[in-house]
1. Please list, ordered by first then second residue, the pairs with beta carbon atoms under 9 Å, 6 or more apart or interchain, first in region 52-72 and farther than 13 Å from L15 by Cα and in a helix (DSSP H, G or I), second at pLDDT below 95 and among the acidic types (D, E).
2. Could you tell me which residue of region 41-58 is nearest to the chain's Cα centre (by Cα), considering only residues that are within 21 Å of L75 (Cα to Cα) and of a type in the set (A, V, I, L, M, F, W, C)?
3. Which count do you get for residues in region 8-51 that are surrounded by 15 or more Cβ atoms within 10 Å (Cβ to Cβ), free of Cβ contacts under 8 Å to residues at least 40 places away in the same chain and of a type in the set (G, A, S)?
Amino acid sequence: MSEVIGWVSSAVLVLTISAQLHKQWQAGTSKGVSKWLFIGQFTASVGFVSYSWLIQNWVFVATNALLGLEALLGLGIVAFHRRRDRRRSNQGRGAGDVTEASRLDVTSVSGSAE
């Protein structure tokens, strides 16, 4: 009976995290989500998998292995959203747009302002 409780609880946790990742992906944004959340989650999962393996607790081995994979997926989603946002903001400027900072850079290199 205790094994059943462990596996059911594991399924609930993994499905809950999966649903949150899916929501984050569907929203198309990771604003307010730190990459360190997923880095910490992955690091903890590796430690818990190792510990669980040593004490031969297969419910926790499986649960933490899946949570580790979800952490990597979450980190990938954050990276994807941030990369996409950077590209969009760079495209929004356009090739013809010149900012004050870029004019200053050109002036300092050329030695004269036109």
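The values are calculated or read from the model by the stated rules, or taken from the named source; none is laboratory data. Quantities reported herein were computed from a predicted structural model and do not represent experimental measurements. Please note: Cβ atoms are built from the backbone with ideal geometry, for glycine as well, and neighbour counts cover all protein chains shown.
1. Final answer for the pair search is W58/E3; V59/E3.
2. Within region 41-58, the subset within 21 Å of L75 (Cα to Cα) is 41-49.
So of that shortlist, the ones also of a type in the set (A, V, I, L, M, F, W, C) come out as 42, 44, 46, 48-49.
Numbers: F42: 10, A44: 15, V46: 17, F48: 20, V49: 20 Å.
My answer is F42.
3. The qualifying residues number 1.
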